[in-house]
Amino acid sequence: MADTVYPRPWQRENGRERLVISVMGADRPGILATITRVLADHSVNIVDITQKIIDGMFLSLIVADCASSDTTVASLRRQLERASEDLGLKAIVQQERLFRFMHRV
């Protein structure tokens, strides 16, 4: 009997990968609403999310599953960057496998 090989957690059968989205900048109302609206508009599921306000600075890290998304990663990245810039924030969108590779111990 052959061993079953399971994909790593960030690999998906349909070839789509999860994204890690970092958002940072001065805190203000509506940040999460704006970012999550972009994701929801494209059927991107939030798998995990954390946020912190440190001395007036907003920091958030979102893990998003794009398996049901109707857009490309490049298009989603552009839309998130544009929405963040409109709020005076910086958004960084990375494929989860790249994020994990860069932050491995």
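Structure notes:
- If the segment from I49 to D70 were pulled out straight at 0.36 nm per residue, it would be longer than the present Cα-Cα gap by 5.4 nm.
- Distances between placed amide hydrogens fall under 5 Å for F58 paired with G25, A26, D27, all partners being 5 or more residues away or on another chain.
- As a calculated quantity, the FRET efficiency between Q95 and D27 at R0 = 25 Å, using C-beta atoms, amounts to about 0.35.
- Size of segment 24-102 as Cα extents on the principal axes (Å, biggest first): 35, 27, 18
Bear in mind these aren't lab numbers, they're just calculated from the coordinates by the rules spelled out. Keep in mind that what you see is a predicted model, and the values were worked out from it rather than measured. Note that we place each Cβ from the backbone using ideal geometry, even for glycine, and neighbour counts take in every protein chain shown.
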